[in-house]
Amino acid sequence: HRLKWNKHIKYAIDRGKWALMSCRRMVGSSWGLKPKIMYWLYISMVRPSILYGSTVWWPCVEVAHVARRLAGLQRMACLSISGAVSSAPGAALNCCLDILPLEVCIMATARSRAYQLQLGKMWRGEHGQGHSRITSVITGDGILDMVSDHMSRRYSFSRSFSTVIPSREEWQSGGNSFMES
């Protein structure tokens, strides 16, 4: 059996629309939230709810009807942010508001998360199959093949220093006795 993500994607888009409409109720043509606040609400609330789990279901954005539904959701968000007329094209609104198309954002998020999992040696997908195809995109990129500056956390509880606080008299006399020791 092959996993299909149609129900999940429909649920994610519906959840995003619900969150967007909840935010949109706070905006009117002459009253309500400023465009900057609507932009922030979209970027920080609506989009993360859609991006959740995109490392696994990112191949679905290559399907035309899913890409159209995602573009429609983002277009609704752009219209509520900008207050543009309803006939404004979505791509133009994306450019004006400097927002990446949602399908590009999903693929970028999936790529970033897969790379983080690879660095942590937690990626167990087979190359070139299903959602693991993202690793072939990662390994084909020269930038991501560079040596990483990622360092694993290491705790050191030994104190190899001492703190010296001079008295007021030593400080006022200009003595640097604490620097000499």
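Just to be sure I understand, how many residues within segment 64-84 are hydrophobic (A, V, I, L, M, F, W, C) and within 18 Å of Lys36 (Cα to Cα)?
Number of matching residues: 6.
Residues in segment 33-75 that are charged (D, E, K, R) and under 22 Å from Lys7 (Cβ atoms): how many?
Adding up the residues that qualify gives 4.
I need the full set of residues from segment 63-83 which are in contact (Cβ under 8 Å) with a residue 40 or more places away in the chain and in a helix (DSSP H, G or I), in order please.
Val66, Arg69, Leu70, Leu73, Met76, Ala77, Ser80, Ile81, Ser82
Might you let me know whether segment 118-134 holds any residue that is at pLDDT 80 or above, crowded, with 17+ Cβ neighbours inside 10 Å and either of a type in the set (Phe, Trp, Tyr) or assigned to a loop (DSSP other than H, G, I, E, B) (or both)?
Scanning segment 118-134, I find no residue that is at pLDDT 80 or above, crowded, with 17+ Cβ neighbours inside 10 Å and either of a type in the set (Phe, Trp, Tyr) or assigned to a loop (DSSP other than H, G, I, E, B) (or both), so the answer is no.
Select, from Thr109, Thr139, the only residue that is of a type in the set (Ser, Thr, Tyr), surrounded by 10 or more Cβ atoms within 10 Å (Cβ to Cβ) and modelled with pLDDT of 85 or more.
Criteria check complete, one pass: Thr109.
With the checklist (1) free of Cβ contacts under 8 Å to residues at least 24 places away in the same chain; (2) within 16 Å of Val104 (Cα to Cα); (3) of a type in the set (Ser, Thr, Tyr) in hand, flag the one item Thr55 doesn't pass.
For Thr55, the failing item is (1).
Determine the pairs where a residue that is outside any helix (DSSP H, G or I), located within segment 27-45, has a partner that is of a type outside the set (Ser, Thr, Tyr) and modelled with pLDDT of 75 or more with Cβ atoms under 6 Å apart, the partner being 6 or more residues away or on another chain.
Val27/Leu33; Gly32/Met26; Leu33/Met26
The values are calculated or read from the model by the stated rules, or taken from the named source; none is laboratory data. Being a predicted model, the structure only gives us computed values, none of them experimental. When we count neighbours, we look across all protein chains shown, and the Cβ atoms used for this are built from the backbone with ideal geometry, even at glycine.
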